[in-house]
Structure formats: C-alpha cells, structure tokens
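A short worksheet on the structure shown next.
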Ligand SMILES: Cc1cc2nc3c(=O)[nH]c(=O)nc-3n(C[C@H](O)[C@H](O)[C@H](O)COP(=O)(O)O)c2cc1C
C-alpha cells in the first residue's frame with residue numbers, strides 16, 4: 001500500500017524525494033518578521049516532500065490578519081532566511097506562499113491602518129480577530145486600474161524577495177476567498193474595466209500575477225493554488241460558474257509552464273478530472289479532512305502527482321516517518337491553530353519521543 005506515495009517526482013525545478021507535502025500555519029509577529037521559533041517549526045517538518053509556508057503578504061495592503069508574515073522588507077527577508085536555512089540544513093524544500101487578502105482584512109491589523117482594498121467595494125460578511133477583539137470587516141475600497149497593475153508588481157517584488165530569502169520557489173495564493181479569488185467571481189468583482197465582467201477579464205489578474213512572478217523568478221519555481229467549489233474561508237463569496245471559470249483559468253495558465261498547480265479540492269470530482277486533463281505539469285491536491293490512505297489513492301489513480309496535508313502536518317512534525325511505519329498520529333488542537341507561542345506549535349511530540 002501507498003507505494004506510489006514514496007516515488008520521487010518534481011515540481012518544476014524542485015526535486016521531491018516523495019509525494020507527501022504540507023501546507024499551513026500562522027504564527028509570525030506583529031511586524032511580520034519570521035522568528036527562530038518559526039524556523040524551528042518548519043525545520044521539524046523538513047521531511048515532508050515540500051513545505052508550502054503559511055500565507056505571506058506581498059505588501060502592507062496585502063495583510064488582513066494580525067500575525068501573518070510579510071515578504072517585502074529587508075527585515076522580512078532576514079527573518080525568512082533563518083527559516084529557509086533551517087529547513088535546508090534539515091534536507092527540506094520550502095516555497096513561500098504569497099497571500100494578498102484583499103477585502104478579508106481590518107485596518108487595526110495592518111501596518112498602515114488603511115481601508116482594505118479589493119476588486120470592488122463590497123463589504124465581506126463577518127468579523128475578524130483584532131487586538132481589541134472580534135470586529136466587523138469594513139467595506140473595502142475599489143482598486144483603480146492603475147493600482148491593480150501596481151499590485152501585480154507587488155507580487156513580482158515579493159517573489160524576488162522570497163528567492164533572496166533563500167526559498168526554493170513561491171506559491172501564489174489564488175484560493176480561499178482572498179484577493180485573486182475575489183477577482184474571479186461577480187459576487188466580489190463588479191468592475192467595469194478590463195478586470196471585470198467576462199471570463200477573460202475576471203481571470204486577467206490571476207494570469208497577470210502568475211506571468212509577472214514567473215518572469216521574475218522562473219516559471220519552474222512558481223506554483224499557484226486555487227480552491228474550486230471549496231467553501232473553506234469563502235465567507236459570502238459565491239462561485240456561480242465554476243465549470244466555466246476554472247477550466248478557462250487553467251487553460252490560460254497552462255502555457256506559462258509553471259512548476260505546479262495546487263488544488264484545495266472542494267468535492268466536485270468531475271471538475272477535478274477536467275482540470276487534471278487541462279493541466280500539463282505537476283498537480284498537487286489537498287483533499288481536506290480525509291486520511292492519508294484516501295489521499296494517496298489520488299496518486300495511484302493518476303488524479304494527482306503530490307498530496308498535501310494541513311492539520312495532520314501541524315500536529316505531527318514526523319508525519320512522513322509515521323506514515324511510512326504505520327504509527328498512530330497526534331491529534332491537532334484547533335485552540336492553538338492561530339497565534340501564540342511554542343505551545344501547540346513546536347511542542348507536538350515525535351513518535352520516537
Ligand atoms: C492552522 C491552519 C492554517 C492554514 N493556513 C493556510 C495558509 O496560510 N494558506 C493556505 O493556502 N491554506 C492554509 N490552510 C489550509 C490547509 O492548507 C488545508 O487546505 C486545510 O487545512 C484542509 O486540509 P487538511 O484536512 O489537510 O488540513 C491552513 C489550515 C490550518 C488548519
């Protein structure tokens with residue numbers, strides 16, 4: 001069982017010794033600079049095929065939550081360098097996920113305390129954690145056409161900074177209701193310029209970001225994540241035409257020859273099959289809430305090349321070794337998922353311990 005899981009593969013320029021990768025976390029400091037504790041956390045998990053870091057903002061505007069890291073200042077680069085050095089020393093591979101949250105933000109949580117920006121001025125439903133407790137997310141301001149172009153450049157510069165910080169590549173976060181996702185669907189995108197309306201217009205921002213990042217650091221170090229039909233973190237963004245939009249998007253991205261496409265699967269098997277056929281390169285799949293054996297079947301069946309885990313990896317630093325020998329897994333503790341110190345972060349025991 002699980003033989004195909006242990007077969008080496010590649011994600012663009014990055015050689016993977018097996019196919020069990022991880023994708024999560026959230027524990028930087030208020031100034032967005034990764035710390036020694038973050039380096040320890042990721043290094044503990046270096047035996048995963050690939051570490052995809054927590055979402056990291058490319059600019060002040062890109063931040064929404066209180067303690068997410070950034071990758072746009074010299075201090076950020078120095079902080080991330082500690083993390084990438086520690087992971088490489090432990091024989092791991094790491095890409096930094098570039099996340100611009102768009103309207104999922106609160107001014108109390110950003111360095112410049114400005115009104116959030118988004119494709120359109122449509123207030124998200126719901127509240128967000130801030131230093132003074134839960135608060136309503138305010139109505140965002142619509143980005144001007146020139147500012148959309150400037151935001152693409154923010155992603156480009158952040159990708160360069162990630163490489164300067166020693167990362168093996170970057171993953172562009174196009175999933176889970178954040179800025180790139182907000183451009184894809186009319187509930188959050190009512191623009192009348194070339195970034196709104198038709199399918200071509202709604203995918204334009206995603207394709208321009210991917211093109212700029214690939215141009216800057218190489219397509220073979222650039223991955224991108226989407227979450228077709230997946231309700232996780234979606235709020236009141238509704239995806240009304242997934243069967244038209246996502247194939248259109250993947251067809252437009254395919255010629256860029258990116259390192260990988262990472263899908264947070266939403267349960268639509270037909271759509272997944274379609275996207276798999278349209279995507280020529282490595283496909284990474286996150287099948288939320290299922291066990292490893294179930295996820296590994298996607299590799300056996302040719303649906304995915306690599307699988308990712310979120311909560312199992314945060315709770316099991318040695319997940320790969322445990323799966324190899326069939327050892328039981330630690331349970332994740334949701335109370336310590338976001339924010340805080342070493343508890344529920346670097347203190348999950350290994351099986352050997
Ligand atoms: C604490 C925590 C933090 C997460 N942070 C991110 C993130 O920064 N970027 C992202 O794309 N997904 C993030 N995720 C989502 C995971 O990548 C994954 O899609 C989700 O946990 C469901 O899969 P699982 O059953 O493997 O955990 C996070 C999940 C958890 C539990």
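Looking at 319, 271, 253, which one is touching a helix residue (DSSP H, G or I) at 6+ places or on another chain (Cβ under 7 Å), within 13 Å of the ligand (Cβ to nearest atom) and at pLDDT 95 or above?
319
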Reported set for the stretch 230-255 where residues are surrounded by fewer than 18 Cβ atoms within 10 Å (Cβ to Cβ) and touching a strand residue (DSSP E or B) at 6+ places or on another chain (Cβ under 8 Å) is 232
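Out of the residues in the stretch 322-343 that are within 24 Å of residue 95 (Cβ to Cβ) and in a loop (DSSP other than H, G, I, E, B), which is nearest to the ligand (Cβ to nearest atom)?
Kept after step one, since they are within 24 Å of residue 95 (Cβ to Cβ), are these residues of the stretch 322-343: 322-324, 332, 337-339.
Now restrict to residues that are in a loop (DSSP other than H, G, I, E, B): 332, 337-339.
On the way: 332: 7, 337: 4, 338: 6, 339: 10 Å.
Top of the filtered list is 337.
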Residues of the stretch 46-74 being over 24 Å from residue 129 (Cα atoms) and surrounded by fewer than 23 Cβ atoms within 10 Å (Cβ to Cβ), in sequence order, are 46, 47, 73, 74
Selection from the stretch 281-306 of residues within 10 Å of the ligand (Cβ to nearest atom), out of contact with any strand residue (DSSP E or B) (no Cβ under 6 Å at 6 or more places or on another chain) and free of Cβ contacts under 8 Å to residues at least 60 places away in the same chain yields 287, 288, 289, 290, 291
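At negative phi and either in a loop (DSSP other than H, G, I, E, B) or within 14 Å of the ligand (Cβ to nearest atom) (or both): which single residue out of 48, 113, 88 fits that description?
Numbers: 113 fails: at negative phi; 88 fails: either in a loop (DSSP other than H, G, I, E, B) or within 14 Å of the ligand (Cβ to nearest atom) (or both).
So the residue among 48, 113, 88 that is at negative phi and either in a loop (DSSP other than H, G, I, E, B) or within 14 Å of the ligand (Cβ to nearest atom) (or both) is 48.
Across the stretch 4-29, what is the total count of residues that are assigned to a strand (DSSP E or B), within 16 Å of the ligand (Cβ to nearest atom) and over 22 Å from residue 41 (Cα atoms)? Even if it seems obvious, please write down each step before you answer.
Here is the first cut: in the stretch 4-29, the residues assigned to a strand (DSSP E or B) are 9-11, 14-16, 20-23.
Add one more test, that the residue is within 16 Å of the ligand (Cβ to nearest atom), and what stays is 11, 20-23.
Adding the requirement that they be over 22 Å from residue 41 (Cα atoms) leaves 11.
Total satisfying the criteria: 1.
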*Would a scan of the stretch 99-109 turn up a residue that is in contact (Cβ under 8 Å) with a residue 40 or more places away in the chain, within 19 Å of residue 345 (Cβ to Cβ) and within 14 Å of the ligand (Cβ to nearest atom)?*
no
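The values are calculated or read from the model by the stated rules, or taken from the named source; none is laboratory data. Owing to the predicted nature of the structure, the values given are computational and were not obtained by experimental measurement. So basically every Cβ, Gly included, is an ideal-geometry build from the backbone, and we count neighbours across all protein chains shown.
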